[in-house]
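Peer 1: Structure in structure tokens, see below.
The values are calculated or read from the model by the stated rules, or taken from the named source; none is laboratory data. These numbers come from a predicted model, not from an experiment. Cβ placement follows ideal geometry from the backbone for every residue including glycine, while neighbour counts extend to all protein chains displayed.
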Amino acid sequence: MNTLLFCAKGFETIEFSAFIDVLGWARNDYGYPVDVETCGFTKQVMSTFNIPITVDKRKRQFMTQSPLSSKRVSLIFHGRSCFQSSSVQA
């Protein structure tokens, strides 16, 4: 299973780590074929408390290369600012 973990600016690092842990355990401890790639709008994404992470792919690269075609894909969208419009108040 291929998984794309999309990280938006301001994502919660504690929530991000849960996905990485569970998918990593599935692969390493239980032998499931799980591949995880991180993705963001920019190569470096700032999480909460200004902790930067470097993602595997930028959104543009993922959309043009389509590396996950013809395979099972799980998409995880992570971060508040990704889907909030300016008229929505948090």
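Peer 1: Could you give me the residue pairs with C-beta distances under 6 Å whose first residue belongs to region 1-12 and is under 15 Å from Gln44 (Cβ atoms), whose second residue is outside any strand (DSSP E or B) and of a type in the set (Ser, Thr, Tyr) wherever it lies, and which are 6+ apart or on separate chains?
Peer 2: Ala8/Ser81; Lys9/Ser81; Gly10/Ser81; Phe11/Ser47
Peer 1: Tell me, which residue of region 23-41 that is out of contact with any helix residue (DSSP H, G or I) (no Cβ under 7 Å at 6 or more places or on another chain) and loosely packed, with under 12 Cβ neighbours inside 10 Å is modelled with the lowest pLDDT?
Peer 2: Step by step, filter region 23-41, then rank; the result is Pro33.
Peer 1: Would you mention how many residues in region 42-72 are in a loop (DSSP other than H, G, I, E, B) and modelled with pLDDT of 90 or more?
Peer 2: Restricting attention to region 42-72, the residues satisfying the condition of being in a loop (DSSP other than H, G, I, E, B) are 42-43, 47, 51, 55-56, 66-72.
With modelled with pLDDT of 90 or more added as a condition, the list becomes 42-43, 47, 51, 55-56.
Qualifying residue count, region 42-72: 6.
Peer 1: Same structure again: Provide a single number: the residues in region 7-41 that are among the hydrophobic types (A, V, I, L, M, F, W, C) and in a helix (DSSP H, G or I).
Peer 2: Of the residues in region 7-41, 9 are among the hydrophobic types (A, V, I, L, M, F, W, C) and in a helix (DSSP H, G or I).
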